[in-house]
Every structure is written in structure tokens, then in C-alpha cells.
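*Asks:* Before we start, here is the structure in question, set down as C-alpha cells.
The values are calculated or read from the model by the stated rules, or taken from the named source; none is laboratory data. This is a predicted model, so every value here is computed, not measured. Counting neighbours? That spans all protein chains shown, and the Cβs are built from the backbone with ideal geometry, glycine included. The accessibility values were calculated without ligands, DNA or RNA, using every heavy atom of the protein model including side chains. Shrake-Rupley method; radii C 1.70, N 1.55, O 1.52, S 1.80 Å.
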Amino acid sequence: MKIVVTQDGPYVVTGEVPLAIQVIRPNAEGLSWNWEEGKPFEIAEEYALCRCGQSRNKPFCDGSHQRVHFNGKETATRQPYDRQAGVVEGPTLSLQDAEELCAFARFCDPGGKIWSLIEKTDTPSARKLAIREGMSCPGGRLVLTDRRTSKAIEPDLPPSIGVVEDPALHCSGPLWVRGRLRIESEDGKPYEIRNRVALCRCGASVNKPFCNGSHASVQFNDGMIDGPSR
């Protein structure tokens, strides 16, 4: 299983990687709270996902990148996550934060934002909420570590790709790559393998191939914002 970033073209996915809608659902206060999985797409052993945002067959590529002369130049750093991220220390948890990987899913907002919660993690309720928020981050911007065990706290994610929809913002989000899938650059070199990352599919990120939240500012819409029914 792997994803290859092609030059000014789509992501080519091989190995029958499962693909399904993943919808951001808010709580009563309107803040991102749950991930809701929609019906999976039918896929083949190999398939191509749109990277320019212009396909008429989203999330799949239809060759529109050639029509629009898409510039998909990869600009993301090759530094490992640990070197990109700053660290916030709390009583029982530490939080690594690599801001350039923000996919603007906003799961870090409930309860006064995760950065404030970290300072209160000697309280069970604050610790529990911080862990929930950190593990819900699709781009892997936020990673929590238990200070007692020195182990990262990560969700158990199967190898798969989520097509993110954000009805609260009336826009469509990135490709949520999960379960330590290999992502290769157009030059054949792999990016750091991580449990969760978000790949741009609107074409507007300045941190390609990764999402930097630009889909929200350009109001990217793939026509499936509410997601297919379960």
C-alpha cells in the first residue's frame, strides 16, 4: 500500500487502500466533536485521486490537471516531525505542535483549546479532553506524549484514506491518510511515515503535498459536503 505524488498530477494510490467519506460533526456548541464515516467508495487495486481540485469526478482524477495547467510543486519540508514541532509541557502530558501541518479541522477548540488544557492535565477531565482533541487531529499537527511512560498517545487507525467533508464551514477538506501509509514524492523519495497526515486536494496549499487549511479560505466544494449516508 502506498501513495505516490505525481508531477503536477494526481495522487496514485496502489494496494487497494480503502477510501471513504469522513465528515466532521459538531457538538451542541457548534465545535468540531466527532468523525462520522460515510459509505466507502468502490476502488480498484490502483486508483488516482484529484490533487488540483478541478476534477469533475471528485475525489478521483479525470485529467483536469492538464487542462488547468496545475502547478503541483511540492514545497513541504523533508524534516522529520520531531524537528518541525514545538513542545508545550503539562503536568502529565506534553504536546508537540507543528503548525504548518494544520488541516483546520478545529478538533483542538472545545473546552478552551488544547494548549490551555495541557496545563491542567493533572485534572482527569482536562487530561481526557486533551487526549480526545489531540487524537482527532487529522493532519497530525498535534501529538501528545504521556510524560510518565514517554510514549506517544495515538489512535488505532487502519491503513485507509478519508475524504474529509466539513458541513459546518460549508466546504470540503483534505485527504486524511491514516495507518502509517507510505507517501512517495514525485522524485521517488518517501516522506516520513506517520500514523496520520492530511494531503491537499483543493490545489491551494502552500505546503504541498500536505494540507495547510487553504480549502477553508478558498471554500473548496467537491459536491459531497454532507457525505453519503451510511
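*Asks:* Output the residues belonging to region 198-211 that are open to solvent by 10 Å² or more (accessible area, probe 1.4 Å) and touching a Phe, Trp or Tyr at 6+ places or on another chain (Cβ under 7 Å).
*Replies:* Residues satisfying the conditions are C202, G203.
*Asks:* Here is a further query. Looking at this structure, is I118 closer than 19 Å to S150 by Cα, of a type in the set (A, V, I, L, M) and over 18 Å from the mean Cα position of the chain (by Cα)?
*Replies:* Yes: the conditions hold for I118.
*Asks:* Between residues in region 129-141 that are without any contact (Cβ under 8 Å) to a residue 24 or more places away in the chain and residues that are surrounded by fewer than 24 Cβ atoms within 10 Å (Cβ to Cβ), which pairs lie under 6 Å by C-beta distance while being six or more apart or on different chains?
*Replies:* So the pair list comes out as L129/G111; M135/P155.
*Asks:* Considering each residue of region 142-152, count those that are under 13 Å from the mean Cα position of the chain (by Cα) and open to solvent by 30 Å² or more (accessible area, probe 1.4 Å), and give that number.
*Replies:* Matching residues across region 142-152 total 0.
*Asks:* Given the criterion touching a Leu at 6+ places or on another chain (Cβ under 8 Å) and surrounded by 14 or more Cβ atoms within 10 Å (Cβ to Cβ), identify the matching residue among P18, P10.
*Replies:* Checking each option against the conditions leaves just P10.
*Asks:* Could you grab me the full set of residues in region 173-215 that are hydroxyl-bearing (S, T, Y) and touching a residue at least 60 places away in the same chain (Cβ under 8 Å)?
*Replies:* Correct list: S185, Y191.
*Asks:* Can you name the residue in region 54-109 that is among the hydroxyl-bearing types (S, T, Y) and part of a loop (DSSP other than H, G, I, E, B) and is also nearest to R180 (Cα to Cα) among such residues?
*Replies:* Among those residues, the one meeting the criterion is T77.
*Asks:* Here's a follow-up. With the condition kept exactly as written, say whether any residue in region 209-225 is within 21 Å of K2 (Cα to Cα) and not in a loop (DSSP other than H, G, I, E, B).
*Replies:* Yes: region 209-225 contains one or more residues that are within 21 Å of K2 (Cα to Cα) and not in a loop (DSSP other than H, G, I, E, B).
*Asks:* Separate question: Quick test of your reading of the structure: D62 fulfils all but one of (1) open to solvent by 20 Å² or more (accessible area, probe 1.4 Å); (2) farther than 15 Å from C202 by Cα. Name the failing condition by number.
*Replies:* (2)
*Asks:* Just one of (1) surrounded by 13 or more Cβ atoms within 10 Å (Cβ to Cβ); (2) farther than 16 Å from P174 by Cα; (3) of a type outside the set (S, T, N, Q); (4) in contact (Cβ under 8 Å) with a residue 60 or more places away in the chain trips up K39, so point out which.
*Replies:* Unmet for K39, out of (1) surrounded by 13 or more Cβ atoms within 10 Å (Cβ to Cβ); (2) farther than 16 Å from P174 by Cα; (3) of a type outside the set (S, T, N, Q); (4) in contact (Cβ under 8 Å) with a residue 60 or more places away in the chain: (1).
*Asks:* Same structure again: If L95 satisfies all but one of (1) over 24 Å from S205 (Cα atoms); (2) open to solvent by 20 Å² or more (accessible area, probe 1.4 Å), what's the number of the condition it fails?
*Replies:* (2)
*Asks:* Could you please find all residues in region 16-53 being in a loop (DSSP other than H, G, I, E, B) and within 19 Å of the chain's Cα centre (by Cα)?
*Replies:* Listed by number, the residues that qualify are V17, P18, L31, F41, C50, R51, C52, G53.
*Asks:* Do you know which of the residues in region 168-182 that are modelled with pLDDT of 95 or more and not hydrophobic (A, V, I, L, M, F, W, C) is most open to solvent (accessible area, probe 1.4 Å)?
*Replies:* The residue in question is R180.
*Asks:* Of these, V206, V197, which one is within 18 Å of P10 (Cα to Cα), among the β-branched types (V, I, T) and in contact with a Gly (Cβ under 7 Å, 6 or more places away or on another chain)?
*Replies:* Among V206, V197, only V197 is within 18 Å of P10 (Cα to Cα), among the β-branched types (V, I, T) and in contact with a Gly (Cβ under 7 Å, 6 or more places away or on another chain).
*Asks:* Tell me which residues, restricted to region 1-36, are under 30 Å from G111 (Cα atoms) and acidic (D, E).
*Replies:* E29, E36
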